[in-house]
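The values are calculated or read from the model by the stated rules, or taken from the named source; none is laboratory data. This is a predicted model, so every value here is computed, not measured. Glycine also receives a Cβ, built like all others from the backbone with ideal geometry; neighbour counts cover every protein chain displayed.
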Amino acid sequence: MNDITKTELDIQHKKFDYLRTTKNLSSFYLDGLKLIFSYETLVAIESPKGLLISKNVWSNTTARHLYWINPDKSLRLDNDVFTKKARKLLKLPEKEANDYCVESHLKTISMASAMFSLFAKPEDQRKNNEQRLRFYETQNGFIRPHDWEELTTEEQTKRLNAVDKFGLSGEVA
């Protein structure tokens with residue numbers, strides 16, 4: 001999906017106004033525009049010219065958020081149209097179709113790796129690290145560190161945890 005997220009806008013650590021007293025519906029003002037997010041995803045923009053709002057392609061909760069923003073479904077745009085207009089309004093570059101796949105693939109791998117690490121027994125940590133690294137090696141452009149075998153188990157785990165964190169949140173550990 002080509003959604004615009006708080007991470008892409010580089011505003012995930014900014015102060016948000018929470019709408020309808022829910023932590024999952026928030027807004028942020030940027031250059032005179034009110035950006036409205038359901039969870040981490042931009043779903044509407046209020047500007048002096050009016051409201052730009054997407055149709056729901058996410059969850060029942062996001063459907064409720066969209067209703068709270070504006071109950072008139074006739075105003076809602078197909079998500080692709082909304083995203084294209086929002087990118088133009090926010091002066092964001094268009095993403096290539098491949099960009100979405102890579103981003104999504106990395107997030108999926110990071111989630112699998114992080115979950116896999118939760119089930120590791122301390123005596124199997126090196127084996128666990130090896131499997132987690134193999135997950136990442138399915139990602140194009142990911143290169144096994146040349147000194148991987150010489151690293152301590154703790155250092156391997158630390159590095160893999162950092163990659164998991166980056167893949168899941170975009171934050172560098």
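E155 satisfies every condition listed in (1) assigned to a helix (DSSP H, G or I); (2) touching a residue at least 12 places away in the same chain (Cβ under 8 Å) except (2).
The residues on offer are S110, S74, S104, and the sole one that is modelled with pLDDT of 90 or more, closer than 22 Å to D3 by Cα and out of contact with any Pro (no Cβ under 6 Å at 6 or more places or on another chain) is S74. Of the residues making up the range 54-90, those that are among the aromatic types (F, W, Y), touching a residue at least 12 places away in the same chain (Cβ under 8 Å) and farther than 15 Å from E40 by Cα are W68, F82.
None of I36, I4 is assigned by TED's automatic domain parsing to the domain that holds K85, in contact with a strand residue (DSSP E or B) (Cβ under 8 Å, 6 or more places away or on another chain) and not charged (D, E, K, R) except I36.
Consider the range 20-67 and keep the residues that are among the hydroxyl-bearing types (S, T, Y) and assigned to a loop (DSSP other than H, G, I, E, B). The one that is surrounded by the most Cβ atoms within 10 Å (Cβ to Cβ) is Y39.
Of everything in the range 132-148 that is surrounded by fewer than 15 Cβ atoms within 10 Å (Cβ to Cβ) and not in a loop (DSSP other than H, G, I, E, B), the residue that is modelled with the lowest pLDDT is E137.
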